[in-house]
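Everything below concerns the one structure shown next.
Every read-out reported here was derived from the displayed coordinates using simple, explicitly stated rules and does not represent laboratory data. Just so you know, these numbers come straight off a predicted model, no measurement behind them. FYI the Cβ positions are ideal-geometry reconstructions off the backbone, even for glycines, and counts take in every protein chain you see.
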Amino acid sequence: MTVQRTYSLPNCTLLVEGISLGESNMLSLLTNFECRFHPSQECIAGGRNLLDALVKSVGSYVQSIQRGDVLPASTNAVRLEPEGLYVHRLHVQPTEEDSPNPQPLEIQLSTVQLFDLAEGIDQLCSDRQTLPDLTLALEPAGNVKKSQVKARIVPAVMGITGFAIAATAIFFVPVPPPKPDLKPQAQVSKPLPAEPKPKPKPTPLPAVITDKELIASLQEGLYKKIDRAWKATPKFKEDLLYRVAVNTEGEIVGYKLTNSSAKVDEDNLPLKKLRVMRTDPATGGSPDTPQPTAEFLVTFTPKGKLTVEPVGKVAPESDKPVTKSSSVPTPSADLAETTLQLQDALKKKIDKAWKATPKFKEDLVYRVSVDAAGDIVSYKLANISEKVDEDRLPLKRLAIPSNSPAPQSTTDFFVTFSPSGKLDVETGKELAATLEKKLTQKIDRAWKAAPKFKEDLVYRVSINAAGEIVNYELTNSSVKVDEERLPLKKLRVEVPGQIKSSSAATPQFAADYTVTFSPNGKLSVKPGQ
Amino acid sequence: MPAIQLNIPQAYPAQIDLPVPKDPAWGCPRAVRVDLDNLLLAIEALDLQATEIMLYLVQQLDLESVIPNRVSLWRLRNTNPLRRNYQRATLQWDEAQALVKIICVLARQLNTQLRLLVTTSQQVSENKIDILGLQQNRLYLEFYLDRFRSLFLSRMRSPSILSDREIEDLSLHLLSQLLFCSGTAGELRLWHSLLDGVIA
């Protein structure tokens, strides 16, 4: 009995004809099939061999699409290959066996048409009443067969064995005896002086370009360079301020974001691309003899405006809270490229080593001294109130205690560990700016009582590097104040006696701020006199 | 909330044989967890009601033993290591199979939309939209792309590991992947492509 089955889909109809054996309705012997694509009326027709090839190649091609990398799939007479992202080319080369007058066929399919073809085939394969021996092809195209894996492993094994043989052979070659020194040491029984360990040489600071004309031309060149390279639409909300160091050739040798609050995707900014590595033969820059540089302040605004200004012009940040213990020779060290690099390296190092989940509640601030090679020489916790489990912080592991009591040239950084897992490495100046912000927030949040005083209350407040208030004092003494209604008393951290004595020996970093409480509820925090 | 109307065929094959690899006892590989979550995210971008429908499907497909409630579905999706709320939990094989079944049933519901969107993205790539006057289809596609991007950015780790461009490529790839999931043998095809090379 002849049986016909159709699987009809929007873009393609698959028609299968065959014979059923016995009484059942099952199509068990295929006589011919026809697959017709709809808008084009192109048609693939043939017998069982061609159908098998079609099922296999379409199946494995679809699997390779599912997997995400499309590869040509071919089985006997049928080949499918990608042509761009959404177009697939189907080649059919029927043999005489398949059809009486075989003609090669080439059909272009869109992804949706391919889906319909695959769906027709899948329906046919899952149909238990039609050709039950036909199964889905689920092996993706381009899969590495096990035999191929073996073929790849064999040469590798041969290579390793060959190396081992060569190594064994070389082992038997006698080692030439060491030649006696031509100039023997003086025959004195004095023990040889221990050879001094080569100490890492501190990198000299780069010279600062002072030539005004050169600075002006560098400024212009830098503007043009950045402007040309800045193509991405700005995605940030506030102005981004960068300090950029430029050498005499106008190449960017270093840069750093100064408003640290913002999170920036630097791939969208041109600086990363424009930066030149320091060992450039043309300008002769190398870690030992740094090239003279000029500093510029580059501002990117969200509206797409770009400004480039020499650093000197901008009002400098308050210098007062900066720690003086740093033994870097020149005051411009903070702006120097070496400091930037040390800072970067330190941050990366600590970040990499800090794995434990923070268990502390407040920001922990450490003063960390770093020598010229970037090794941590010493560190000290600035917080008083917090008890810290230092085993959970990376500093203990990273610190290399210096053996030489002689003061090395070190640079101090302030490392802030936040409970949220954020890590900040800042120079003294940057810390001062952050501290001012932190102090404002802290007092603002804690000041809840409505003001009852009539005139401005001006306090001098001392804080340590962790931002904790260690002392405060009212400066306009004429007024009588109910300090219970002000937040300072609550926020002040009592220095425990034991630590007090030790902190007297090693003076803590401290900064003074002038905090003004106004009767109208306004609060202002300024770096103190 | 409006009643959810689904036309799930009554004779839905409840038991599809999805073979599980023999040796690894550690649950699904990382890539599988990422792919499954991305597919679910794409479904959500196509239909914001999808999470409700997913929970409804859990009952319909007799998957309550694997996914007893909303939280457990959320937990399964958070086995994606790129998630913001990734808990380092693993995905068991039966849980992965359940997600595959849910994805494919939902994809079947969305088949018409998927056809339209895949065709439209092809037309966009060939610059044919304006000639054919199908601007509204392009808007529809852009709507999906936007929604996927915002879902991706809000659920995945921040800063995003993918650029906007890569997110767009991913969302377009997911469309065609979902289209092939919506076929008769969608479950088998998806399962085998996820575990490509792991299972025989």
Per-residue mean of other chain beta-carbon atoms within 10 angstrom of the beta-carbon, peptide A:122-128?
3
Mean Cβ-within-10 Å packing, highest first, puts peptides B:108-121, B:137-150 in the order B:108-121, B:137-150
Based on the Cβ-Cβ distance of A:Glu266 and A:Thr357, what FRET efficiency does E = 1/(1 + (r/R0)^6) give at R0 = 30 Å, to the nearest 0.05?
0.65
Roughly what would the spin-label model give for B:Glu64 and B:His173, points 7 Å off Cα along C-beta, in nm?
3.8 nm
B:Asn127/A:Lys526 FRET efficiency (R0 56 Å; Cβ-Cβ; nearest 0.05)
0.40
Within the set of other residues whose C-beta is less than 13 Å from the C-beta of B:Asp196, count the net charge using Lys and Arg as +1 and Asp and Glu as -1.
-1
Under the 7 Å Cα-to-Cβ spin-label approximation, A:Val388 and A:Lys489 lie apart by a distance in nanometres of 3.1 nm
The pairs in A:Lys348/A:Lys422; A:Lys437/A:Lys522; A:Lys359/A:Lys437; A:Lys442/A:Lys490; A:Lys225/A:Lys347 lying past 18 Å Cα-Cα in this model are A:Lys359/A:Lys437; A:Lys225/A:Lys347
For a quick check: with amide H placed at 1.01 Å from N, whose amide H comes under 5 Å from A:Asn471's, ignoring anything fewer than 5 positions away on the same chain?
A:Ser462
Amide H neighbours of A:Cys12 at under 5 Å, excluding residues fewer than 5 places away on the same chain, with H built from the backbone geometry, are A:His38
Output the peptides B:72-82, A:513-523 sorted from most to least packed, where packing is the average of other Cβ atoms within 10 Å over each peptide's residues.
B:72-82, A:513-523
Using the per-residue mean of other Cβ atoms lying within 10 Å as a proxy for protection, in what order, highest first, do the peptides B:167-174, A:119-126 fall?
A:119-126, B:167-174
Summarise the partner chain shielding of A:61-73 as one whole number: the mean count of Cβ atoms from other chains within 10 Å of each residue's Cβ.
4
Could you derive backbone 3J(HN,Hα) for the stretch A:342-348 from the dihedral phi with the Karplus parameters 6.51, -1.76 and 1.60 (θ = phi - 60°), listing whole Hz in sequence and x where the residue is Gly or Pro?
4, 4, 4, 5, 4, 4, 4
Note the full-extension length gain between B:Asp164 and B:Gln87 as 0.36 nm times their separation in residues minus their Cα-Cα distance, in nm to one decimal.
25.2 nm
Mind giving me the nanometre distance, one decimal, between the label points for B:Ser72 and A:Glu213, set 7 Å out from Cα along Cα→Cβ?
8.1 nm
Looking only at other chains, what is the average number of their beta-carbon atoms within 10 angstrom of each beta-carbon in B:154-167?
1
From the Cα gyration tensor of chain B, with a ≥ b ≥ c the square roots of its eigenvalues, which class applies: rounded if a/c is under 1.5, or else prolate if a/b is larger than b/c, or else oblate?
prolate
Whole-Hz couplings from phi, Karplus 6.51/-1.76/1.60, listed for the stretch A:251-258; x for Gly and Pro
8, 7, 9, x, 8, 7, 6, 9
Backbone HN-Hα couplings from phi across the stretch A:126-137 [Karplus 6.51/-1.76/1.60, Hz, Gly and Pro as x]:
7, 6, 6, 8, 10, 6, x, 8, 7, 10, 5, 9
First measure r as the distance between the Cβ atoms of B:Val20 and A:Asp239, then evaluate 1/(1 + (r/R0)^6) with R0 = 51 Å and state the FRET efficiency to the nearest 0.05.
0.35
Under 5 Å between amide H atoms, partner at least 5 residues away or on a different chain: which partners does A:Asn259 have, H built in plane at 1.01 Å?
A:Leu241
Measuring from centroid to centroid over Cα atoms, what is the spacing of the stretch A:427-498 and the stretch B:81-115 in Å?
54 Å
